[in-house]
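Student: Got a structure for you, written out below as structure tokens; questions coming shortly.
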């Protein structure tokens, strides 16, 4: 839309920027990152454990923190936003999450890492988050980089922030990490929940109203 007016041209430019941003989100415009699949929320399990999906939140549904398993897993992870819109440029490495009966299993795909010193893993208790960062080395050297015709592999610094569910809580002192064949596997033990969840919700009585009967 244009009426030969700088005012309308200004809003045309804004609309074009918004359309470009939406196309980036819709087409997976994240460098080195394939959008995660949202698996159906089903109670079925296999012998190795249950792969967790991000459940839908329906208005009016009864809230239960135990159902909030994947609602905020990646909401604080800026590496999932496209670069060029004020977010830092980094490699968004894929993450798989499995929910077992006694622990969570996190699999982070970071190929080419040659030393455990190149991967940094932290647990932030105040936010109940696991932060995985490091750098994936380039497959090219000074001699070969000028001969590249196609390069689909990603290299560079990465950082992923994974927010764990508040319920039933995790045993942070016994989190284990193992790296093999390009995959970093974290085993995060769960704390044992209260039986029947009786202590999870507490009723608060209202007092200080003299006109009410006993």
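Student: Mind giving me the nanometre distance, one decimal, between the label points for residue 126 and residue 143, set 7 Å out from Cα along Cα→Cβ?
Tutor: Distance between the two pseudo-spin positions: 5.0 nm.
Student: What is the gain in length, in nm to one decimal, between residue 157 and residue 118 on full extension, counting 0.36 nm per residue of separation less the C-alpha to C-alpha distance?
Tutor: Contour length minus Cα-Cα distance gives 13.0 nm.
Student: Once fully extended, how much extra length lies between residue 100 and residue 179, figured as 0.36 nm per residue of separation less the alpha-carbon to alpha-carbon distance?
Tutor: Separation in residues times 0.36 nm, less the Cα-Cα distance, equals 26.5 nm.
Student: For a footprinting-style exposure proxy, rank 119, 204 by other Cβ within 10 Å, fewest first.
Tutor: Listed from fewest to most nearby Cβ atoms, that is 204, 119.
Student: Which order results if 142, 122 are arranged by neighbouring Cβ count within 10 Å, fewest first?
Tutor: Going from least to most buried by this count: 142, 122.
Each value in this text was obtained by applying a stated rule to the coordinates, not by laboratory testing. No experiment lies behind these values; they were computed from the predicted model shown. For neighbour counting, all protein chains shown are included, and Cβ atoms are generated from backbone atoms with ideal geometry for every residue, glycine included.
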